[in-house]
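The values are calculated or read from the model by the stated rules, or taken from the named source; none is laboratory data. Not measured: the values here are computed from a predicted model. Every residue, glycine among them, receives a Cβ derived from its backbone with ideal geometry; neighbour counts consider all protein chains shown.
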Amino acid sequence: MIGADGIRSSVRSELFGHINPIYRGYTVWRGVAGYEGSALFESANSETWGAGKRFGILNVGPQRFVWYAAVSVPCDHVVGPDGRKRDLLETFKGWHEPIIDLIAATPDNEIMKHGAYDLVPLRRWGHGRVMLLGDAAHPCTPNLGQGGGMALEDAAVLAKCIAQNTDLEAALRQYENQRRHRTKHIQRRSRLMGEIAQWESRTIVTGRRMVTRLLPARLFERNLRRVYSYRI
Ligand SMILES: Cc1cc2nc3c(=O)[nH]c(=O)nc-3n(C[C@H](O)[C@H](O)[C@H](O)COP(=O)(O)OP(=O)(O)OC[C@H]3O[C@@H](n4cnc5c(N)ncnc54)[C@H](O)[C@@H]3O)c2cc1C
């Protein structure tokens with residue numbers, strides 16, 4: 001049995017007892033918008049960091065952009081009476097172009113809102129012939145955009161392990177051993193990145209800006225390569 005039932009997995013609870021996902025202090029709003037202005041060029045991807053908030057833009061088609069906004073708020077944050085869009089327009093007032101345009105071009109009822117949750121890496125993902133996969137095994141904050149990707153990698157590795165082993169339990173153990181290191185690394189790295197990106201103190205944020213400017217681009221590239229170039 002493969003428990004691929006997400007961050008609040010019932011299969012995980014059956015195996016290891018109930019564990020509440022941990023809220024990491026910020027919530028993410030997302031949308032897709034058309035934009036024809038001159039502030040963005042094709043294939044423009046960016047993330048702008050402020051104090052306790054950031055805004056990301058990804059080009060997903062001709063003059064179409066996915067955007068996301070991460071804001072430090074309590075887990076029980078309630079949307080204002082005028083809706084998500086109005087809240088965001090207020091939160092990002094004065095930010096650079098075309099942040100306000102992208103929010104304004106997204107219908108309020110199409111703006112998604114999800115808290116950033118994860119778990120500390122589990123020691124085991126399964127028992128006997130029961131095994132976890134995806135967010136059920138290794139839920140991750142969304143800072144590296146890897147949660148869905150890792151679930152797909154799990155599935156590919158699991159299929160390979162089953163094809164290589166006549167003993168099913170051995171195949172499941174092999175899958176777990178092969179996947180735990182990478183997923184643990186991404187869970188931790190993503191969490192750390194979220195913590196740094198959501199710093200709220202203006203003094204610390206100024207220090208962050210100065211330090212990141214001094215760091216060589218190849219350091220970021222090397223780190224990103226490790227995250228994004230995984231071979232099963
Ligand atoms: C704000 C945000 C941004 C993200 N951005 C990215 C990104 O850019 N790239 C990326 O790769 N990932 C991203 N992710 C993470 C990604 O969404 C998840 O990691 C991914 O959906 C996990 O897939 P999964 O199949 O393991 O779990 P899920 O997608 O949660 O699927 C679990 C399924 O199991 C079903 N289920 C649950 N309980 C039961 C039950 N008892 N019986 C039957 N069915 C059940 C659920 O209905 C659901 O359909 C983001 C997440 C968030 C919150």
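Data table
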item	result
Counted residues, the range 153-167 - those being surrounded by fewer than 13 Cβ atoms within 10 Å (Cβ to Cβ) and part of a helix (DSSP H, G or I)	3
Candidates Glu153, Glu176, Glu169 - the one that is assigned by TED's automatic domain parsing to the domain that holds Ser10, over 20 Å from the mean Cα position of the chain (by Cα) and within 16 Å of the ligand (Cβ to nearest atom)	Glu176
All positions within the range 66-101 that are within 17 Å of Gly56 (Cβ to Cβ), out of contact with any Phe, Trp or Tyr (no Cβ under 8 Å at 6 or more places or on another chain) and among the β-branched types (Val, Ile, Thr)	Val66, Thr91
Residues satisfying the stated conditions in the range 4-42, i.e. within 12 Å of the ligand (Cβ to nearest atom), more than 21 Å from the chain's Cα centre (by Cα) and not charged (D, E, K, R)	Ser10, Val11, Ser13
Residues of the range 126-150 satisfying the condition of being part of a helix (DSSP H, G or I), crowded, with 21+ Cβ neighbours inside 10 Å and among the aliphatic types (A, V, I, L, M)	Ala136, Met150
Within the range 64-78, tally of residues that are exposed (fewer than 13 other Cβ atoms within 10 Å of the Cβ) and farther than 16 Å from Ala116 by Cβ	2
Members of the range 97-146 that are under 30 Å from Leu168 (Cα atoms), touching a residue at least 60 places away in the same chain (Cβ under 8 Å), of a type in the set (A, V, I, L, M, F, W, C) and within 15 Å of the ligand (Cβ to nearest atom)	Leu119, Leu122, Val130, Met131, Leu132, Leu133, Ala136, Ala137
